[in-house]
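Beneath this line is the structure, given in structure tokens, with notes to follow.
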Amino acid sequence: MSGNGSDMNLYKDLGVESILLIGEDPWSRESLTTYFRIVKCDMQSAENAMEAVVAVSRSQFDLILCEYQLPGMSGITLMKLLEDIQPGTVKFLFTSYPIQKLTEEAVRSGIHEVIRIPFTMATFEESLKRYFPRTRHGGRESVGAH
């Protein structure tokens with residue numbers, strides 16, 4: 001690969017370096033974890049709310065991705081809990097339910113984006129660009145080439 005593959009550097013350019021994925025489905029967790037490793041993001045995953053709370057208590061994340069349906073708790077409720085532990089982190093909720101009311105509740109709860117399953121990585125990356133601008137003044141500065 002050449003050194004200037006913009007697709008491979010998109011996450012670094014946007015300042016998305018550390019991601020927490022919360023979801024019950026092992027296939028989804030494994031495939032997304034593999035993808036984020038390829039694009040050089042530090043990726044952790046949690047299967048349930050308790051694992052997510054432990055992860056957020058131990059590490060700082062740029063982005064938290066969470067499924068709406070989790071065992072014992074909705075993703076919206078969990079994201080409210082995680083906001084108390086790690087305020088200001090960008091949060092995306094994934095759902096297969098195309099319900100407007102769900103999206104409105106999620107936005108009121110501080111979730112930045114609701115992404116419908118199935119989704120493409122292109123759709124996901126467009127959502128990221130709304131919350132992670134390429135040029136950031138203050139915060140991270142690692143936009144230069146290595």
Going through the range 97-118 one residue at a time, which ones are loosely packed, with under 13 Cβ neighbours inside 10 Å and in contact (Cβ under 8 Å) with a residue 24 or more places away in the chain?
TYR97
Is it true that some residue in the range 36-45 is of a type in the set (Phe, Trp, Tyr), surrounded by 20 or more Cβ atoms within 10 Å (Cβ to Cβ) and part of a helix (DSSP H, G or I)?
yes
Please verify whether LEU63 is at pLDDT 95 or above, buried (at least 16 other Cβ atoms within 10 Å of the Cβ) and in contact with a strand residue (DSSP E or B) (Cβ under 7 Å, 6 or more places away or on another chain), treating the condition exactly as stated.
yes
Among the numbered criteria (1) surrounded by fewer than 17 Cβ atoms within 10 Å (Cβ to Cβ); (2) among the aliphatic types (A, V, I, L, M); (3) at pLDDT below 95, which single criterion is violated by VAL16?
(1)
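The values are calculated or read from the model by the stated rules, or taken from the named source; none is laboratory data. Computed from a predicted model, the values in this text were never measured in an experiment. We place every Cβ from the backbone using ideal geometry, glycine too, and count neighbours over all the protein chains shown.
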